[in-house]
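J.: Shown below is the structure under consideration.
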Amino acid sequence: MEHRPKLLAPAGNWDALVAAVQNGADAVYLGAQSFNARQSADNFDAGGLARAVEYAHVRDVRVYVVVNVVIADTEFEEAVRLLELLYRLGVDGVIVQDLGLAGVARELLPGLPLHASTQMTVHNVEGVSYLKKLGFKRVVPARELTLEEIGLLKSAGGLEVETFIHGALCFSYSGQCLMSSLIGGRSGNRGRCAQPCRLPYALVGEGGKPVETDVAGAYLLSPRDLNLSAHLPDLINAGVDAFKIEGRLRRAEYVAVVVSVYRKLLDRALAGEYFVSDDEQRTLAQAFNRGFTTGHLFGQAGRALMNYNQSNNRGVPIGRVKQYLPAKRRVEVALDGYLAEGDIVDFWVKVGGRIAVTVGDLRVNGKKAASGEAGQVASFPAQGRIRAGDRAFKVLDAEMVRRARETFSSTREQRRIPLVFSLRVREGEPVALEVRDRAGRTVRVQGTVLAAPALTRPLTPEVVAGQMERLGNTPFVADEIRSDIEGEVMVPLGELNTVRRDALARLEEQRVGEWVPDAAAVREANARLEEWLGRRKRRRAAGTPAGKPRLVVTTGDLDGVRAAVNGGADLVYFPGDSLGRAAIPRREEILEAAAFCRERGAALYFWFPRIVRAPEFAKWEALFSAVSGDVSGVMVTNLGLLEHFSGRGLKVVADFPLNIFNSETVTLLARSGVERVTLSPEMTIDQVRALSPEGGIELETLMQGAVPMMVTEHCVLGSLLDGGEGRCQGACRAGRRFYLRDRKDELFPVGTDASCRMHIFNPKDLCLVEQVPALLEAGITCLRIEGRIKDAAYIRTATKIYRGVLDRATRLNNVAAADAKERLRLLSPAGITTGHYFRGVL
């Protein structure tokens, strides 16, 4: 097969790196100590990174370093210096999320390959095209894409495509989740996600009344783990360039097991004789699973995507409890599979959830034994409320862990690189050795001892082979040994060992060095870096130009447009995600909204949904084209829309889903033709003050309303209320309101859009009315009310209050601000919050 995708494995620490390499990974991805989306992993310091790159490159394994978080202005220089270090080390690419960092990297370090993280939420061909123009080499698209869409991205996008094939799934579109951030200040966009989606929730209606469903579990936002082992040939045929295993927080043993299985599967697929054995599937399940799913690869998976019953490792079924003997504190299990001492078993008990037991003092069919098999009865000590009939799951296989550990803890290399040794020996001359690998890399060395006439035992090819094959713990193996010996001569065996060691050391240097930029390239990069630092310093000194403040309102219906304008809004963004609709808005509705705004001196911007995938792009573009002459501009929400509307002479506003977090991102967007940006709601006022972008671009921020926390392809409403038939009953279209209730009885509003995506909102409304003067002083020119799930009465009242505040912002006193805040509080029964204005995110 001509197309040969690479197997990419996670490396959260050194042991995991070795495990990945020794078990067959073609490439690894890992993080530095900062600026990566798995900050709780061990990660690698500067010395560790250098060691990792050398170790991998000697073994023909590529190294990609993740810098996949958004970067604050105060951190930007440190982040750029990290990229410069990675460039000098010769890494094979960096995986980035931050648009501004990508733009600076391409300017300062053109030789450093850029890969777009899945945190960039790339989900259409146009988004790939934008990244290609920006200088990216590879894209990791949103995990929600289907096989057909992945193939389209590859064939039409012009970049390498990397897809996840195994491991944990995010419930939300990656890069679009603020849930952990808004609940506890730990941002997924900053590598600190607390995984609130793995906690229990209940679906409720108005007043918190439980909604009846046939689903017993409480983990409504917890997906199963991805497992595409059965579909590698499909992905190969779609043109995927790299198969990615998730798991930088997983143990090295997990990495070893999963990589070894997928190495076999990928080799089998490339050989054209594909199958996945039952044993391989069991091995993947035993390593870790929450239940498996093919994710979104073949479209909406419904309930098959989710594990409603638990959010942690399920293990593999091992049997059922035959009886529990309280007096002996032993349990008897009728085995369905292999069980051995040292294994860990979870009992799913009827009362109390799960009881974990490490198997010891094992008896099988009444006799002492080290292991038992299916059909036998195993007995071992256990405590807890275990009853007959309870299910038992093996969550750790001690023997599998032991074998996996050997692959990375032993000094013996599991992965060997074949070499050809050619030795030339002539009397009176030093030994000459040439060593060549399969890629054609060649080194030649000479010894220091002259070959002499043999008195007793002349040198033979067999003796030479014996010395050349002594490769010990090196990553090399002698594939062929050629001896050119003239006459009967002798050379000390120590001399043969010396030239062999010298040749291998030089070959390792060559294999590592070919990825490292030369000194001239490094000097040029440093010069560009210093020039950029000076330019950045001058820009900070100049500050951000202020403009006339304007009031902005977002809404998804015509009543909301009227309410906003009547309340005093200068700008209206409409229709956006159009929550609650069965179809996208009609042309006549947009035209009526535009006319209403125009007649009253307000501007209407066509606001696109956050997610516009290939099947929807043409519909939304057709709608916009039909009304483009009547709207004032366009609000873009993803990279594909940014690419589509750049350079068309339109007024373009970039929305906060683009994660606009620093001056460099604002500057890049300005260069892309954007006139105004909505800053990330994760920014603090101090971070806003620190902005100093080029281009005179306007800054907008959210200040009031329900902030969206997630957008998801999976709809909890459609899944839970379909009666198990897999057909959505359209409950969200019946005018009912739904919420997710958490353990603290907070009610998270839920809405669905015309494409049946689910949107989850913060229970507490953002309210920054007291901070309006400070925001204006910091350079904000547009203050935005989020009204997408609010009714017309809320929008009208909130807009009037902010209109009054904004009109007298320069003379707003504390009493007036506090009064406005209290009136806004009355609109929000669940409470109000200042969001990240003061506290920021980790």
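The values are calculated or read from the model by the stated rules, or taken from the named source; none is laboratory data. What you see is a predicted model, and the numbers here were worked out from it, not measured in a lab. Heads up, the Cβs are rebuilt from the backbone with ideal geometry, glycines too, and the neighbour counts pull from every protein chain shown. Areas reflect the complete protein model, heavy atoms only, side chains present, ligands, DNA and RNA absent. Shrake-Rupley method; radii C 1.70, N 1.55, O 1.52, S 1.80 Å.
J.: Find, among the trypsin sites (Lys or Arg not before Pro) in the stretch 722-786, those assigned to loop by DSSP (not H, G, I, E, B) with at most 12 other beta-carbon atoms within 10 angstrom.
T.: Sites meeting the loop and neighbour criteria: Arg727, Arg736, Arg743, Lys744.
J.: Accessible area per residue, 1.4 Å probe, Å², for the chain: what's the number?
T.: 39 Å²
J.: Same structure again: Just one of (1) 72, 36, 30; (2) 54, 38, 22; (3) 44, 34, 31 is semi-axes √(5λ) of the Cα gyration tensor in Å calculated from these coordinates, so which is it?
T.: Read-out from the structure maps to (2).
J.: What lysines could a cross-link reach from Lys350, if we take a straight Cα to Cα line under 20 Å and drop same-chain neighbours fewer than 8 places away?
T.: Cross-link targets: Lys322, Lys394.
J.: With θ set to phi - 60°, apply the Karplus curve 6.51 cos²θ - 1.76 cosθ + 1.60 along the stretch 258-269 and write out the HN-Hα couplings as whole Hz, x wherever there is a Gly or Pro.
T.: For the stretch 258-269, the Karplus curve yields 5, 4, 4, 5, 5, 4, 5, 5, 5, 4, 5, 5 Hz.
J.: Another question about this same structure. Measure nothing but the geometry: give the 0 to 90° angle between the long axis through the Cα atoms of 125-134 and the longest principal axis through the Cα atoms of the chain, rounded to 10°.
T.: Roughly 70 degrees between the two axes.
J.: A further question on this structure: Please list 3J(HN,Hα) in residue order for the stretch 161-168, calculated via the Karplus relation 6.51 cos²θ - 1.76 cosθ + 1.60 where θ = phi - 60°; whole Hz, with x for glycine and proline.
T.: Along the stretch 161-168, the couplings run 10, 10, 10, 6, 10, 7, x, 5 Hz.
J.: Which angle between 0 and 90 degrees, to the nearest 10, do you get for helix 398-409 versus the longest principal axis of the chain when only C-alpha atoms count?
T.: 80 degrees
J.: Next up: At 0.36 nm per residue, minus the direct Cα-Cα distance, what do Glu373 and Ala521 gain on full extension? Give it in nm, one decimal, please.
T.: Difference between extended and current length: 47.1 nm.
J.: If you don't mind, there's one more thing I want to ask. Report the local net charge at Val401: Lys and Arg +1, Asp and Glu -1, summed over other residues whose C-beta lies under 11 Å from its C-beta.
T.: Counting the neighbours of Val401, the net charge comes to -1.
J.: Using θ = phi - 60° and the Karplus curve 6.51 cos²θ - 1.76 cosθ + 1.60, what whole-Hz ³J(HN,Hα) does each residue of the stretch 41-55 get, with Gly and Pro shown as x?
T.: Per residue, the Karplus-derived 3J(HN,Hα) values read 6, 5, 6, 10, 7, 4, x, x, 4, 4, 5, 5, 5, 5, 4 Hz.
J.: How far is helix 587-599 tilted, in degrees, relative to the longest principal axis of the Cα atoms in the chain, given as a value from 0 to 90 rounded to the nearest 10?
T.: 60 degrees
J.: In addition: Please enumerate, by chain and number, the lysines with C-alpha under 18 Å from the C-alpha of Lys651, excluding those fewer than 8 residues away in the same chain.
T.: Lys548
J.: Semi-axes, largest first, in whole Å: what does sqrt of 5 times each Cα gyration tensor eigenvalue give for the stretch 120-242?
T.: Taking √(5λ) for each Cα gyration eigenvalue gives 32, 19, 13 Å.
J.: Under the rule of at least 5 residues apart or a separate chain, name every residue whose amide H is placed under 5 Å from the amide H of Val477.
T.: Under 5 Å from the amide H of Val477 lie the amide H atoms of Ile417, Leu419, each far enough along the sequence or on another chain.
J.: Give the percent of DSSP beta bridges with both residues in the stretch 402-541 that are antiparallel, rounded to the nearest 5.
T.: 60 percent
J.: Counting only helical runs of four or more DSSP H residues, what would the 222 nm mean residue ellipticity of the chain come to if each run contributes -39,500 (n - 2.57) and the total is spread over all its residues?
T.: Dividing the helical sum by the residues of the chain leaves -10000 deg cm²/dmol.
J.: Within the chain, what whole-number % of the accessible surface is contributed by carbon and sulfur, with the 1.4 Å probe and all protein chains included in the calculation?
T.: Roughly 48 percent, rounded to a whole number.
J.: List every residue whose amide H lies under 5 Å from the amide H of Phe164, counting only residues 5 or more places away in sequence or on a different chain, with H placed 1.01 Å from N in the peptide plane.
T.: Those qualifying (amide H under 5 Å, at least 5 residues apart or on another chain) are Lys244.
J.: How big is the C-alpha Rg of the stretch 608-679 next to the rule-of-thumb value 2.2 N^0.38 Å, as a ratio?
T.: That ratio works out to 1.07.
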